[in-house]
Amino acid sequence: MLREDDAPDHGHPHPHPYGRLQPNSAGETVTIEQKVLAKNDLLAARNRTWMNDRGVVAVNVMSSPGAGKTTLLERTITDLRGRRPVAVVEGDQETRIDADRIRRTGCPVVQVNTGAGCHLDAEMMRDALTALSPAGGSLLMVENVGNLVCPALFDLGERTKVVIISVTEGTDKPLKYPYMFAAADLILINKADLLPYVDFDVEQCVRHARSVNPDVRVLTVSATTGEGLAHWYDWLAQQS
């Protein structure tokens, strides 16, 4: 049985992917972030090749904290049981809480704790793949660290990116965090069961999302009640 202790201990904060410059010995300005992202992209390409060769479909699930990523994964694992193998990579700064929740479903899972880091990166993903060794043809769900900025900038080698926004967060999130929503292949508006009780305009949110990502698909779902999840499962099946 996989243990979250198998995840790598990177023990250092990750450089922020933009906004810092450092002069070199010749007095020139070097963009450190470009080098960080270039190295990450190289490792991500290797991860992608490794997974493609084995028919593993990785879905990078991103959101702010509390949007319902883990609940959605629990429900998805349960509902898809018997259809195809599923494995999970759990990303959090600290604790094993989410990995323990996934483990109770019987699904293989590895926890990656990033410490001060605000996102998973391709090196962490490589180590998680080594620890999990997902079966050929698996659906690999990657729950990234709760953050609407940095995770969008770091390719993991995934097949596709999904962004979750909950109706408790506010209609304007796609405008406030445009890079995240521009990077998405699918947006899930979650917690639809709470719509009667909150001030959230689904149609306006969709318009905001498509103002930064005109072709993005948007589904309204409730991971708690199951509303709309059949469309989510159909979309996952289409990624194979």
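The values are calculated or read from the model by the stated rules, or taken from the named source; none is laboratory data. Here the structure is a predicted model, which is why all the values come from computation and not from measurement. Cβ coordinates were reconstructed from backbone atoms using ideal geometry, including for glycine residues, and neighbour counts include every protein chain displayed. The accessibility values were calculated without ligands, DNA or RNA, using every heavy atom of the protein model including side chains. Shrake-Rupley method; radii C 1.70, N 1.55, O 1.52, S 1.80 Å.
Structure notes:
- Check on Asp199, open to solvent by 50 Å² or more (accessible area, probe 1.4 Å), closer than 30 Å to Arg84 by Cβ and acidic (Asp, Glu): no
- Failed condition for Arg84, given (1) under 15 Å from Ala58 (Cβ atoms); (2) assigned to a loop (DSSP other than H, G, I, E, B); (3) modelled with pLDDT of 95 or more: (3)
- Consider the range 125-171 and keep the residues that are among the charged types (D, E, K, R) and assigned to a helix (DSSP H, G or I). The one that is nearest to Gln238 (Cα to Cα) is Arg126.
- Any chance Ile187 is free of Cβ contacts under 8 Å to residues at least 40 places away in the same chain, open to solvent by less than 10 Å² (accessible area, probe 1.4 Å) and not in a loop (DSSP other than H, G, I, E, B): yes
- Check on Glu169, buried (at least 23 other Cβ atoms within 10 Å of the Cβ) and modelled with pLDDT of 95 or more: no
- Residues that are open to solvent by less than 50 Å² (accessible area, probe 1.4 Å), outside any helix (DSSP H, G or I) and either aliphatic (A, V, I, L, M) or touching a helix residue (DSSP H, G or I) at 6+ places or on another chain (Cβ under 8 Å) (or both) within the range 221-240 comprise Val221, Ser222, Ala223, Gly226, Gly228, listed in sequence order.
- Residue that is most open to solvent (accessible area, probe 1.4 Å) [pool: residues in the range 172-184 that are part of a helix (DSSP H, G or I) and more than 25 Å from Leu236 (Cα to Cα)]: Lys176
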